């Protein structure tokens, strides 16, 4: 047994799953530590839900194995595995009250009535739904239903909590509130949790570790800030947050030619004359105020988008690229400097903030 | 190494999975024994001569050589197509009035329009005899034509198939997006153009589906042409004559095949168009609400009033005929016709019918619901589930008369171990369940599809065996459709003729069959009385069903009535 698997709570080894000719997940191996909150993040159709369902036993993998707490559970039916699950649709039983829904799994495990009541009350308190115990799910709001589903999944104290897009059916505001509540709950209980989502903001705010998936493969994993700052491909860089891409050619070490302008960037792994893309986050672009001398671009404002706390400005620079260059600045700064469409300004970004990707 | 592992990975099964597999296997076996093999023996019989030797298509050749039999095919097609056209037109107008106008008394009209569902199809034929028969009240209105023949068959067929058409058309006309009409209005489209460019295309699959359903019903119906067809022969009466009259089973089998093929074609076209219908309405559509239009509303009101009056007059006349002393000479009222003077065709057949209906409803509902649950919710054995689904749809394409004949050939065979069920109540119950399987099955499937598909997954994650979840959640939630299935089976078992005409024995005569035989022996009043008995029971059971449903539903469906708007 490898060193790695001794510390890990859940281990997925070389897992593949095909539906007919379609390979939903391809040879995935991951390892999750006890108490960790991880996210499978990716666009729809990337295989993240299939991976989750394989871990739950709701789908059967075509190859590979799953090990939970050093037990090989690959061939176990869902009923022999230790997990709780919350679905996007919540799947609350419509004919049972909130109380009975949460008690549903306990009753089967031959709990005494009084213990069931105690446990359900505890859970209702945990998700702040004590007053709703005797309502039906159709009488609850989306956010409340979501919390009932969570309480039901946690009722039997499973070792693993699986969340399948748990927030995507909710209003934006409720979603932000529940993100924090779920995260706090997870920390409090210390239950190992896997969440599937296509919302990068959700993954960033909730997860300890993110697995970014695309076309059935994990293309990067790491902490939210790692993934944001060290995205290893243009796909991830643009999927997680926004990114400007400028076509360029390396001319010498630390220098690239973008159309008519020379840009200083980190070129370590590239050789001269290689065609590349230079990437820069919109918030890393600033107005040139102190006469910095590297990476200056003159550009004209094409469009200003008001996004509340900040503003997104679309520049056009004939000398650099045909695509617009996007810059985010805080609204309070924008108010002070009074920007208008057609203004020509000098923009600056540091060599440190650039990333270079192969085309 | 991965490819090596590929083969030996199999999902571990829990106990629910194993029970499910076992059940699924038994459904396949049951369908084989009670549907596939009997139909097989019917086909086989059509390829044999009287001595049981295989003769290939000789019987079919003989059939084509017989002008009288061939004429019946033409007759069957003629009455079926004519009735279909009439029914589709009037049922479309009627359902349009119910769904798209602000005509008053909609509830009343809908109720009256569904009345023919409660009676056997022969009731219409009997009523027509009283109205237009040799001693009918309105005989002169036919201008010298006889009601005994195509006119009578078509009129009676239109009467009894009308509610079937109405139900389909109401559904398809209700599925309409009011935004389409608003868009048309904004673009200054005339009402007439909107009708032809939005309403008709929107309902076209419903219309196609209706046409094929009605065609099949009339084409394969036995009771109506038997009672009012006179010398006008159709395929269904030919089969009966060949089998019961001349004991020529081979020719009966051949004609059955001729009956079966158009019914099958119609079935598949119907299935296809129903699938198309579903995709027309999206969750974003806004349901159409009719606006007041005095002229249209009044025209529709008079149209529906006339139809409602006709329905009332038909069933009213059947009732009147049943209690008149001696039509048309002595019009004093009496209940003596309910004493049924003909031996073997009296109250005992009525009780037999009630028993049959009760058993068919009880066992049929359980079998059909569990079967559809297996198909819809089992996670394994995809292929077997597909097979059961296919079998479950098949009975709809098989006319009752054909199924009944197939049962004779299969179960009456001396070497069949199930021979003992022949001529018993069991074979009638089984035949009735199979005959009416498809519609009930589809009702159950629709109900199950509306349930969250993750319920079973949640249960598994909570270590709840599937059967417990079935008992605590699926069953309670599905109670309304389960009640609908049971009442459907009950009423159809009471009224059916074609499915059981070959299968009853002296001890198991049935009410609707008795009515036919009473009529055959000249006791038209007795036939009317027997047909009305079926109507009374159907009404009583409907009422009982409504009361019980309300009571039980108040208990189990409390959640339905507590819905608040969560947005």
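FYI, it's all coordinate maths here, none of it is from the lab. The structure displayed is predicted, hence computed values, not measured ones. Backbone-built Cβ (ideal geometry, glycine too); neighbour counts: all protein chains shown.
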inquiry  = I need the per residue convex hull volume for segment B:34-130, using only the alpha carbons, in cubic angstrom as a whole number.
reply    = 204 Å³
task = Go ahead and set up a Gaussian network model of chain A, Cα springs under 10 Å, then flag whichever of A:152, A:53, A:335 fluctuates most.
result = A:335
ask   = When the label point is put 7 Å from the Cα of residue A:312 along its Cα-to-beta-carbon vector, which residues of segment A:227-250 have a backbone N closer than 20 Å?
value = A:228-229, A:231, A:234-247
Nearest 10 degrees, 0 to 90: helix A:142-154 Cα axis against chain A principal axis = 60 degrees
inquiry  = How would A:258, B:478 line up from fewest to most surrounding beta-carbon atoms within 10 angstrom?
reply    = A:258, B:478
ask   = Any idea how far the Cα center of segment B:91-133 sits from the one of segment B:16-57, in Å?
value = 39 Å
key: Estimated distance in nm for a label pair at residue B:326 and residue B:287, the labels positioned 7 Å out from Cα along Cα-to-Cβ   = 5.7 nm
ask   = What does a probe at residue A:287 reach in segment A:328-358, counting residues whose amide N is under 17 Å from the point 7 Å along Cα→Cβ?
value = A:328-349
inquiry  = As a test, work out the antiparallel percent of DSSP beta bridges whose residues both lie in segment A:3-237, rounded to the nearest 5.
reply    = 55 percent
inquiry  = Can you sort A:286, B:379 from fewest to most other Cβ atoms within 10 Å of each residue's own Cβ?
reply    = A:286, B:379
note = Each label sits 7 Å from Cα toward the beta-carbon; between residue A:80 and residue A:257 the label points are separated, in nm, by 6.6 nm
query = What angle, in degrees between 0 and 90 and rounded to the nearest 10, separates the Cα long axis of helix A:172-189 from the longest principal axis of the Cα atoms of chain A?
reply = 60 degrees
query = Between residue B:540 and residue B:187, what length comes free when the chain is fully extended (0.36 nm per residue of separation minus the Cα-Cα distance, one decimal in nm)?
reply = 121.9 nm
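Per DSSP helix of 4 or more residues, -39500 (n - 2.57); summed, then divided by the residues of the protein assembly as shown. What does that give at 222 nm, rounded to the nearest 500?
Values: 35 runs with 477 residues, N = 926.
After summing the helix terms and dividing by the residues of the protein assembly as shown, the value is -16500 deg cm²/dmol.
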inquiry  = I'd like the distance between the alpha-carbon centres of segment B:347-381 and segment A:299-359, rounded to an integer number of Å.
reply    = 71 Å
note = In units of 2.2 N^0.38 Å, the Cα radius of gyration of segment B:349-441 is 1.19
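Once the Cβ-Cβ distance between residue B:53 and residue B:446 is put in as r, and R0 is 51 Å, what FRET efficiency do you end up with, to the nearest 0.05?
0.60
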query = Any idea what Rg and Dmax come out to for segment B:220-376 if you just take the C-alpha atoms, in Å?
reply = 23.7, 64
inquiry  = Cα atoms only: what Rg and Dmax, in Å, come out for chain B?
reply    = 25.4, 95
query = Ranking B:337, B:545, B:145 by Cβ neighbours within 10 Å, fewest first, what do you get?
reply = B:145, B:545, B:337
query = Computed over the Cα atoms of segment B:376-423, what is the convex hull's projected area averaged over all directions, in nm²?
reply = 5.0 nm²
query = Going by alpha carbons, how many degrees (0 to 90, nearest 10) lie between the helix axis of A:98-108 and the longest principal axis of chain A?
reply = 60 degrees
request  = Quick one: grab the alpha carbon gyration tensor of segment A:155-243, order the square roots of its eigenvalues as a ≥ b ≥ c, and give me rounded if a/c is under 1.5, else prolate or oblate depending on whether a/b is larger than b/c.
outcome  = prolate
note = Between residue B:137 and residue B:355, Cβ-based FRET efficiency (R0 30 Å, step 0.05) works out to 0.20
message = So, R0 is 45 Å and r is the distance between the beta-carbons of residue B:418 and residue B:297; what FRET efficiency does that work out to, to 0.05?
response = 0.15
note = Simple SL model, points at 7 angstrom along Cα→Cβ for residue B:310 and residue B:370; separation in nm is 4.5 nm
task = Based solely on C-alpha atoms, express the radius of gyration and the Dmax of segment B:31-87 in angstrom.
result = 15.9, 45
Of every Cα-Cα pair in segment B:139-186, the percent that sits beyond 18 Å = 59 percent
request  = Please identify which residues in segment A:181-214 have an amide N closer than 17 Å to a label point set 7 Å out from the Cα of residue A:141, following the Cα→Cβ vector.
outcome  = A:181-182
note = Expressed to one decimal in nm², the mean projection of the alpha carbon convex hull of the protein assembly as shown is 52.2 nm²
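Rounded to two decimal places and with Rh computed the Kirkwood way over Cα pairs, what is Rg over Rh for segment A:3-237? Please list the in-between numbers first.
Working: Rg = 17.8 Å, Rh = 18.4 Å.
On the Cα set of segment A:3-237, Rg over Rh gives 0.97.
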